[in-house]
Amino acid sequence: MKKRIAVFSLFLALCLCAVSLTAFADGNPWSEQYYRALDFSETLSEAERNDLDETCISFMETHSLDLAMFAVPSAILDEQGDTLAEAAEEIYEEFGYGYGEGHDGFAVAFNPDTQETVIVPLGAARGRVSDDDLDAVAQSVPHYVEEHGIYGGFYAASKLLSYSLENGGSSGLTPAGAGEAVLNGSGLPDWYPDDPQNFQFFHDPNAPRVVDAADLFSDEAERRMEARLAEIRSELGRDIVVYTDTTSYGMSHRVWAADFYDFNGYGIGEDREGMCLFICMDPDDRGWWVCCTGPDTMALYTEEAANDMDDVLYEYLSDGDYTDGVEDWIENARTLYAKGMPFAPAWYPGRGETFAPFRDAAAPRIVDDADVLAESERADLAARAAALSAKYGMDVVIHTASTSYGMSRDEYADAFYRYNGYGFGEDFDGIGLVVFQNSGRAIITASGAGAQKLTDVNRERLADRTQSLSEDKKFYEAANLWLDLVDHMQRTGRVPRSAGSWGLTAIGDALASAVVGAVALGRAKRRMAVPKVQTNADAYLVAGSLQVQRTGDQFLHTTTSRRYAPVRESSNRGSGGGSSYSSSYSGSSGSSHSGSGRRF
Amino acid sequence: MDPIKEQKCPACGAPMRFDPQTGALVCDYCGATADLSESSGANAPEQPAPAGDTIQGLDFGGLNAQATDPDAQALPIYNCVSCGAEVIAAAEQFSLTCPYCGNNIVLTNKITGKLRPEGVLPFRIDAKALPDAMNRFYRDKVLLPRNFFSESTMGKVTGVYLPFWVFSGTLSGALSYRAERSSTHRSGDYEVTDTDHYRLERDVSLDFENLPVDASGRVDDALTDSLEPFDLSEAKPFDPRYLAGFTADRFDREKDDMESRAKERMFSSASKVISAEVSREYDTVSRTGGSLEADLRARYLLFPLYLFDVAHGGKSYHFAVNGQTGKVVGEIPTDKAVSRRYFLLRAGAVALAVLLIAIAKYLLGR
């Protein structure tokens with residue numbers, strides 16, 4: 001930072017040239033090379049930076065003016081001898097911010113040590129907002145920083161500036177409490193306490209669990225949801241709340257969701273266990289946040305569970321199917337509480353239930369949940385499975401599935417066999433095949449005598465050979481082959497290799513031998529090295545004779561580049577991208593929550 | 001001064017030769033020996049008076065002119081002092097053996113004044129040990145044609161003192177560099193890399209010692225370079241008696257010409273070590289300017305080599321052996337049929353092993 005500013009006079013020309021050349025590379029009249037919220041005090045989280053970045057982009061799209069915000073501590077200003085305003089302008093220009101050719105926009109700088117805030121209009125932004133409004137916004141920022149941290153201060157600045165611009169740049173904002181005057185619109189809701197930090201939590205069993213201020217649901221849907229939420233509360237002792245609104249009142253979704261839950265008497269027990277789905281329909285800030293409260297809920301709502309649930313919800317909400325999306329989310333939340341995972345089959349035992357293994361002789365041995373087998377095929381396979389069962393004294397089960405309900409495939413296969421009453425005798429002897437419809441993956445599960453001959457190699461061959469057909473959607477043929485192979489394995493102790501497997505072995509053998517031969521020959525040829533003229537004198541350098549004296553080191557400039565490299569793998573996430581997940585954060589009251597959210 | 005100096009046995013008058021194993025003169029006829037440390041007697045070295053300037057480090061300016069002086073070359077034919085036969089010596093030779101009586105002769109008029117070598121590295125390896133050295137050399141050369149090397153294919157071995165310029169000195173100068181130092185941190189979904197750019201100025205100096213450069217055009221540089229290293233701590237002041245029984249050549253490539261080659265090698269190494277030192281504090285460093293100057297001294301020394309050829313397939317392959325260390329270098333052919341067989345044997349062995357393992361695993365049900 002220091003050097004970036006120090007060499008500003010030398011580097012600025014190059015930097016601006018580079019920016020102007022690249023500014024329109026992605027089709028936008030601005031550069032997205034850097035985040036628009038730069039926090040040199042390093043207190044903003046990644047999720048908060050992402051949120052602020054999107055807020056600034058939205059601001060830019062609305063007003064055709066850039067908005068970049070910097071937290072610059074005193075140490076950096078002192079080292080450089082800059083005022084906060086000078087630093088704001090230098091950073092803005094050096095990092096190539098600005099809308100269009102004129103780099104129009106606002107640079108907002110906040111000093112977290114002194115609480116000083118400056119707002120510098122640049123390019124065409126000059127004169128768009130009156131000095132009075134700019135002063136009012138600048139004086140409001142510390143107020144929001146105190147309440148919600150730097151994230152809240154920057155977020156409020158964006159909303160206040162937006163408000164001023166929408167009102168011609170002279171909105172009459174007053175410095176004292178200007179933020180509240182604007183952000184409230186019709187004022188904060190009545191339930192919002194005057195002193196959030198000393199708020200005494202309470203439980204209100206009669207408070208509505210569906211608050212649809214954004215009017216997304218029909219009355220009938222609201223009643224249906226209320227009824228279902230009451231059932232869940234009664235059944236599981238956990239509070240699930242749905243809240244929609246058209247604004248988050250100048251706060252982040254996460255904080256507003258937490259405040260709504262905290263200040264309205266929700267939650268069961270001393271720990272106020274429960275979760276709140278807040279859907280914000282603010283056109284500039286549309287998204288949702290799931291706020292979890294209480295140790296049990298926070299432990300259940302892992303990042304993986306959050307992403308899985310958010311993926312499903314995103315598909316509904318992005319299509320505008322709010323009622324179905326929320327009702328589905330409620331069922332997933334219920335399943336999470338009931339079974340410890342957001343999606344689980346009916347036969348999966350509930351959390352805390354003591355499961356006693358059992359045998360169900362009447363259960364079907366061909367379970368075609370994926371509906372990929374014809375009736376006659378099922379009957380044929382059932383007859384063959386029964387014959388094998390009788391022949392070897394163990395259960396033989398085939399199951400087609402379309403999902404593993406968030407479990408790993410192996411876990412699902414084992415759970416299916418265990419929780420559906422399969423197996424002979426005390427050890428529940430038997431072997432099962434689970435084929436997944438979409439991927440064609442074949443998983444083998446076994447118990448007792450069924451596992452005796454299932455060595456790792458046999459298991460791998462059973463799965464691979466079956467899969468070679470199921471991947472081509474030949475499920476009946478795959479199941480038949482699997483029964484043949486199980487018969488062979490039980491009879492001989494091994495699963496025969498396929499012709500293709502032998503062919504692969506032969507090819508691999510040929511390649512390996514060719515590589516080994518070539519490497520050996522190469523090494524032998526290197527030993528036949530011919531004499532060469534020497535081109536260096538390394539061996540004649542006198543040890544310790546090298547003297548290197550520093551006569552002048554001059555710092556020239558700093559260049560900065562950035563590369564998109566997300567930490568989290570997003571390919572398995574929904575089309576809305578990964579969720580912002582927070583394992584712990586605080587609401588305005590200081591209460592602890594976890595949660596996740598996404599924009600749509 | 002008599003232009004021909006011979007090494008005679010003080011006991012029987014027969015020719016004496018330098019024996020690498022004992023480091024003394026030996027008479028092959030009566031077995032008498034003469035220690036080279038003896039400074040008196042019939043075999044004491046005759047110290048010719050320097051002509052003109054003495055050999056002092058750098059000043060070899062007029063040396064080549066003297067080497068090509070008609071007086072130094074006007075005696076292509078000598079009369080052997082021992083048998084009187086006429087002996088023809090090549091222009092660069094100043095030590096040879098009379099082909100008629102075996103007398104060892106040193107042509108002292110070719111080593112007077114500035115033509116006199118400053119020192120000599122005596123032979124330490126005897127010619128009889130060469131077949132063993134060659135066998136060791138061939139041991140891991142598995143792609144050689146069969147019967148490439150045998151005593152019958154090995155041509156006549158010549159022990160030669162070859163002239164070398166040996167350079168020592170200092171490289172120094174002021175150099176400038178462009179350097180970069182980067183640091184990377186994460187910013188959301190981005191990896192942000194800040195790269196600081198610097199201009200560096202450095203005064204550098206470093207020393208090189210005893211870099212030998214072949215001063216004879218008779219042997220390929222690739223061969224003589226590959227024979228390195230030579231141990232110059234064993235160098236002796238020049239004494240013609242070390243030459244007895246060996247051929248010796250004087251230089252035919254000027255010191256100034258060879259200095260440029262020495263500089264090339266030194267600059268190459270200097271550039272590498274200086275860059276490594278300068279870049280210690282930076283991620284990347286590239287040189288942008290400045291230059292190194294070389295302040296070099298040269299010594300004119302004789303190095304011991306055995307030279308011979310191996311005849312195979314109608315072609316002659318040249319070999320050289322470091323007479324001090326026994327290191328062998330030479331060009332060797334690769335037999336295509338042997339190479340093919342070498343590849344197939346190893347590939348086949350691996351293929352068979354993999355196949356047997358696969359069959360065993362199948363039979364064991366794994």
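Rounded, prolate or oblate, given the Cα gyration tensor of the stretch B:163-234, with a/c below 1.5 counting as rounded?
Taking the square roots of the gyration eigenvalues as a ≥ b ≥ c, the stretch B:163-234 is prolate.
Non-local amide H neighbours of A:Ala363 (under 5 Å, H modeled in plane, Pro and chain starts lacking H): which ones?
Amide H neighbours of A:Ala363, under 5 Å, 5+ apart: none.
Using bins 5 angstrom wide from zero, how does P(r) for the stretch A:78-157 break down, in % of all Cα pairs?
All Cα pairs, binned at 5 Å, distribute as 3, 15, 23, 24, 20, 11, 2, 0 percent.
Between A:Asp190 and A:Ser498, how many nm apart are label points set 7 Å from Cα along the C-beta direction?
Result: 7.0 nm between the two label points.
Search the structure for amide H atoms under 5 Å from the amide H of B:Glu331, placed 1.01 Å from N in the peptide plane, and list their residues when 5 or more places away or on another chain.
Distant-sequence amide H within range of B:Glu331: B:His318.
Quick one: the Cα spread of the stretch A:367-406 along its three principal axes, in angstroms, biggest first?
35, 25, 6
Taking a cut-off of 19 Å between Cα atoms, list the lysines near A:Lys453, but don't count ones fewer than 8 places away on the same chain.
Within the straight-line limit of under 19 Å, A:Lys453 reaches these lysines: A:Lys391, B:Lys361.
Starting from the alpha-carbon convex hull of the stretch B:179-316, give the projected area averaged over all orientations, in nm².
Mean orientational projected area (the stretch B:179-316, Cα hull): 15.8 nm².
Scan the stretch A:441-510 for trypsin sites (Lys or Arg not before Pro) in coil per DSSP, keeping those whose Cβ has at most 13 other Cβ atoms within 10 Å, and list them by number.
Answer by residue number: A:Lys473.
Could you compute Rg(Cα) / (2.2 N^0.38 Å) for the stretch A:194-242, with N its residue count?
This ratio for the stretch A:194-242 stands at 1.37.
Can you say what percent of the DSSP beta bridges in chain A, counting only those with both residues inside, are antiparallel? Round to 5.
Around 55 percent of the beta bridges assigned by DSSP in chain A are antiparallel ones.
Calculate one ³J(HN,Hα) per residue across the stretch A:464-474 by plugging θ = phi - 60° into the Karplus curve 6.51 cos²θ - 1.76 cosθ + 1.60, and present them in order as whole Hz with x for glycine and proline.
My calculation for the stretch A:464-474 gives 5, 6, 5, 5, 4, 9, 5, 5, 8, 6, 8 Hz in order.
Each residue of the stretch A:215-227 in turn: what ³J(HN,Hα) in whole Hz from Karplus with 6.51, -1.76, 1.60 and θ = phi - 60°, glycine and Pro shown as x?
6, 8, 10, 6, 4, 5, 5, 4, 4, 4, 5, 4, 5
Express in nm, to one decimal, how much length is gained between A:Ala207 and A:Glu101 on full extension, taking 0.36 nm for each residue of separation and deducting their alpha carbon distance.
The A:Ala207-A:Glu101 span can extend by a further 32.8 nm.
Suppose the Debye formula is applied to equal point scatterers at every Cα of the protein assembly as shown; what is log10 I(q)/I(0) at q = 0.04, 0.09 Å⁻¹?
-0.45, -1.03
Divide, for the stretch A:207-343, the radius of gyration over alpha carbons by 2.2 N^0.38 Å, where N is the residue count.
Ratio of Rg to 2.2 N^0.38 Å for the stretch A:207-343: 0.95.
Can you put B:Lys156, A:Lys339 in order of Cβ neighbours within 10 angstrom, beginning with the fewest?
B:Lys156, A:Lys339
Please state the equivalent ellipsoid semi-axes for the stretch A:366-492: what are the square roots of 5 times the Cα gyration tensor eigenvalues, largest first, in whole Å?
Over the Cα atoms of the stretch A:366-492, the semi-axes work out to 20, 16, 15 Å.
How much length is gained if the chain between A:Phe358 and A:Asp131 is pulled fully straight, taking 0.36 nm per residue apart and subtracting their Cα-Cα distance, in nm to one decimal?
Value of the extension gain: 74.0 nm.
Once the Cα gyration tensor of the stretch A:428-494 is found, what semi-axes does its equivalent ellipsoid get, as square roots of 5 times the eigenvalues, in whole Å, sorted largest first?
That gives 20, 12, 10 Å for the three semi-axes.
Counting other beta carbons within 10 Å of each Cβ, put A:Thr455, A:Thr43 in order, fewest first.
Taking fewest neighbouring Cβ atoms as first place, the list is A:Thr43, A:Thr455.
May I ask what percent, to the nearest 5, of DSSP beta bridges between residues of the stretch A:366-492 are antiparallel?
Counting DSSP beta bridges with both partners in the stretch A:366-492, the antiparallel share is about 40 percent.
What is the fewest-to-most order of B:His312, A:His399 by other Cβ atoms lying within 10 Å of their Cβ?
B:His312, A:His399
Give me the extension gain from A:Asp284 to A:Ala387: residue separation times 0.36 nm, minus the current Cα-Cα distance, reported in nm with one decimal.
Difference between extended and current length: 30.6 nm.
Using a 7 Å offset from Cα along Cα-Cβ at B:Asp295, what residues in the stretch B:204-235 end up with backbone N under 17 Å from the label point?
B:204-210
In nm, to one decimal, how far is the modelled label at A:Thr62 from the one at A:Thr246, with both set 7 Å along Cα→Cβ?
1.4 nm
What FRET efficiency comes out for the pair B:Arg178/A:Ala543, r = Cβ-Cβ distance, R0 = 35 Å, nearest 0.05?
0.75
Restrict the search to the stretch A:411-481; then list the GluC sites (Glu not before Pro) that DSSP places in a loop and that have at most 11 other Cβ atoms within 10 Å of their Cβ.
Within the stretch A:411-481, the qualifying GluC sites (Glu not before Pro) (loop, at most 11 other Cβ atoms within 10 Å) are A:Glu426.
Just tell me which lysines come within less than 27 Å, Cα to Cα, of B:Lys272; anything on the same chain fewer than 8 places away is out.
Output for B:Lys272: A:Lys532, B:Lys255, B:Lys263.
For B:Lys315, go through the aspartates and glutamates and keep the ones whose alpha-carbon is under 13 Å away, minus same-chain ones fewer than eight residues off.
Partners within reach: B:Glu331.
Any read-out appearing in this document is the output of simple, stated calculations on the displayed coordinates, not a laboratory observation. No experiment lies behind these values; they were computed from the predicted model shown. Please note: Cβ atoms are built from the backbone with ideal geometry, for glycine as well, and neighbour counts cover all protein chains shown.
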